[in-house]
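Worksheet for the structure shown next.
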Amino acid sequence: MLARLSRIYPLFLVGLALAVITYKVAPAIGGFDGHVPTRQFWASLFSLQIFTNTYPSYDPSWSLSCEMIFYSAWPLLLILTGRRLSRAFSVGMWCSIGLIGVILIVWAGAQHHRIDERAFVDGLWALSALFPLWLCGAWLATNWDAFAATVSRRVWVGGLIAFGIGMTFLFTLRYLQYPAWSVHMGSWVALPGIFLSIAGARHVGLGNASKSISTTCRWLGRFSYPCYLLHFQLLHLLDEFGMPLLPSSWSVHPLVRFGFYMIVLLPILAWIGPPLEGALMAWRSRLLKKINQNSLQAAT
């Protein structure tokens, strides 16, 4: 648990601090004009923002709330099933499907459908709908050697194609502004492709890649998490202070806005992201090493 907390929380807290600064200088963002999002702030500190809506300009953090709750639920499932991995997987699946059914029944019977507008119910739906995807990842981790060896190159390519089809379906649902519940259910369409593309990753051949490719992959690994957690706040700041510098006839054009974001925002993230991630990971490595050494000494 400490390994997970030290991996997720430090940069998450950096992103939350940046979101607070962004809200202070641009309070109208995220539909929070007129009141202070105190509840969202405290919920975010304890990774419960999935039940309260996210803090303004910190929209991507909803998935971190799911992740932390899943990391807490999995050990409980293992304890309840006597550490039998297959049974824990099955129980988690059936519990998720059962909760999905209950929420759908409640939504169907709710007068005026006011209940589907409540953040808590929506968060509970997201957790129950997405937990099967996470469970498949947990199953794959515990059965990696046996299952990955059975995924041939042809099956792996088929998985990549299925993944592309599933993602196209998801983006279509989002673009057409379908309700969030349908988008979450649509993610199940992409699940087989995600599963097979990860399981057959050895076919990429990165184990024998050149030094330049390995260096690039390592840099991308350090870039991805900061990019995910910091880009939305920086985007809002850019909207607030950078976009007004453009002619009004330009700023309303989607392609111009996209180009402006990429030209300005991407270099900033590339400059601050990997060094920040590297420093935090170095701190985490020292922390875990020290704890492991102390545990070994105590055991001795």
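The values are calculated or read from the model by the stated rules, or taken from the named source; none is laboratory data. Computed from a predicted structure; not experimentally measured. Heads up, the Cβs are rebuilt from the backbone with ideal geometry, glycines too, and the neighbour counts pull from every protein chain shown.
Could you tell me which of the residues LEU160, LEU170 is within 30 Å of LEU77 (Cβ to Cβ) and under 22 Å from the mean Cα position of the chain (by Cα)?
LEU170
Is it the case that some residue within the stretch 190-205 is among the hydroxyl-bearing types (Ser, Thr, Tyr) and surrounded by 15 or more Cβ atoms within 10 Å (Cβ to Cβ)?
Yes - at least one qualifying residue is present in the stretch 190-205.
Do we find that TYR55 is modelled with pLDDT under 95 and outside any helix (DSSP H, G or I) in this structure?
yes
Within the stretch 165-200, track down each residue that is free of Cβ contacts under 8 Å to residues at least 12 places away in the same chain and in a helix (DSSP H, G or I).
Within the stretch 165-200, THR168, PHE171, THR172, ARG174, TYR175, SER182 meet the criteria.
Just give me the residues in the stretch 80-99 being closer than 11 Å to PRO132 by Cα, among the hydrophobic types (A, V, I, L, M, F, W, C) and touching a helix residue (DSSP H, G or I) at 6+ places or on another chain (Cβ under 7 Å), in sequence order.
Of everything in the stretch 80-99, those that are closer than 11 Å to PRO132 by Cα, among the hydrophobic types (A, V, I, L, M, F, W, C) and touching a helix residue (DSSP H, G or I) at 6+ places or on another chain (Cβ under 7 Å) turn out to be PHE89, VAL91, MET93.
Run down LEU246, LEU230, LEU238 and say which single residue is modelled with pLDDT of 95 or more, aliphatic (A, V, I, L, M) and surrounded by 14 or more Cβ atoms within 10 Å (Cβ to Cβ).
Exactly one of LEU246, LEU230, LEU238 is modelled with pLDDT of 95 or more, aliphatic (A, V, I, L, M) and surrounded by 14 or more Cβ atoms within 10 Å (Cβ to Cβ), namely LEU230.
Is it the case that the stretch 211-227 has a residue that's in a helix (DSSP H, G or I) and exposed (fewer than 11 other Cβ atoms within 10 Å of the Cβ)?
yes
Report yes if some residue within the stretch 53-64 is among the polar types (S, T, N, Q), surrounded by fewer than 18 Cβ atoms within 10 Å (Cβ to Cβ), free of Cβ contacts under 8 Å to residues at least 60 places away in the same chain and out of contact with any His (no Cβ under 8 Å at 6 or more places or on another chain); otherwise report no.
Among the residues of the stretch 53-64, at least one is among the polar types (S, T, N, Q), surrounded by fewer than 18 Cβ atoms within 10 Å (Cβ to Cβ), free of Cβ contacts under 8 Å to residues at least 60 places away in the same chain and out of contact with any His (no Cβ under 8 Å at 6 or more places or on another chain), which makes the answer yes.
Can you report the number of residues in the stretch 266-300 which are charged (D, E, K, R) and within 21 Å of the chain's Cα centre (by Cα)?
Number of matching residues: 2.
Identify, from the list GLY193, GLY278, the residue that is touching a helix residue (DSSP H, G or I) at 6+ places or on another chain (Cβ under 8 Å), more than 30 Å from PRO10 (Cβ to Cβ) and of a type in the set (Gly, Ala, Ser).
Checking each option against the conditions leaves just GLY193.
Filter the stretch 149-164 down to the residues that are outside any helix (DSSP H, G or I) and touching a residue at least 24 places away in the same chain (Cβ under 8 Å) and list them by number.
VAL151, SER152
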